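Notes follow once the structure below has been shown.
The values are calculated or read from the model by the stated rules, or taken from the named source; none is laboratory data. None of these values were measured; they are calculated from a predicted model. In this analysis, Cβ positions are derived from the backbone assuming ideal geometry, glycine residues included, and neighbour counts consider all displayed protein chains. The protein model used for the area step is the full one, side chains on, heavy atoms only, and it has no ligands, DNA or RNA in it. Shrake-Rupley method; radii C 1.70, N 1.55, O 1.52, S 1.80 Å.
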Amino acid sequence: MSRHIGALILAAALTAAWSYGGDARVVHPILNESGGGGDDGGRRLFGPLGCGECAALCQQVHYKTLCTTMTTLPGVNTPVQLLDTALRITAVKAAMAEMKLDEAIRSSAGQGTAMTSSLDSCKESYASLVDSLESTRKTLNSGGSSADIMSELSAAGTFSTDCEDIFDERPELQSPIPGAQRHVSRLVSNCLDLAATIEKQP
């Protein structure tokens, strides 16, 4: 967990502000951090779109209310900042899920090796998801290509559903974080939709 300590500290601050469940939750302002920047040394994902595009972009994602809520956060003034914020919030929520799984592993003594193994696999998937989202943000904010960003987000999409798949394959076991799994998957889906939609902008 130490490699995600920054995200987990932030997660603790967010816990009271935004619960796991549901499609729409009011999001507490996280960081007033600009996304993007740098010169266009190659083909970038974003052109110079204005903030007015953000609401329209959110109509192109699966979970519109989640996206629209993010457009109201401080520091979200352009599409690149909207995607950066979505990635950042998703990484925090994934780190929170990883932390809850760590707690479940510690309390799972006596539940059998199948449960312990499933929880370990889920925890590793969420750790990989956090890494993938953080890598995507670095690529985005350093002016990386749309191909690199979409490739990294595709990997994130796989990691976001791994835990659900693990427990689907073992119906006799029950996931300790079904709400978190669903919520993180929705956030990742929105990140993919946003990136794909903005890539098509002229």
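For the listed residue pairs K64/K200; K64/K100; K93/K138; K64/K123, the alpha carbons are over 23 angstrom apart in K64/K100; K64/K123.
Between H62 and A109, the C-beta separation translates, for a Förster distance of 35 Å, into a calculated FRET efficiency of about 0.35.
With only the Cα atoms considered, region 87-202 has a convex hull volume of 86 Å³ per residue.
Leaving out ligands, DNA and RNA, what percent of the accessible area of region 146-202 is carbon and sulfur, probe 1.4 Å? Mind showing how you got there, number by number?
On the way: 1280 of 2660 Å².
Carbon and sulfur atoms account for 48 percent of the accessible area of region 146-202.
Across region 100-123, the residues whose backbone nitrogen lies under 14 Å from the label position 7 Å along the beta-carbon direction of E172 are 111-118.
Restricting attention to region 96-202, which trypsin sites (Lys or Arg not before Pro) occupy a DSSP loop and are surrounded by at most 16 other Cβ atoms within 10 Å? Before the final figure, lay out the partial values.
Working: sites: K100, R106, K123, R137, K138, R182, R186, K200; in loops: K200.
Hits after loop and neighbour filter: K200.
Annotation for K200 and S151: the two label points, set 7 Å from Cα along the Cα-Cβ direction, are 2.3 nm apart.
In the assembled protein chains, S154 presents an accessible area of approximately 70 Å² (probe radius 1.4 Å). The residues of region 142-193 present an accessible area of 45 Å² per residue when probed at 1.4 Å with all protein chains retained.
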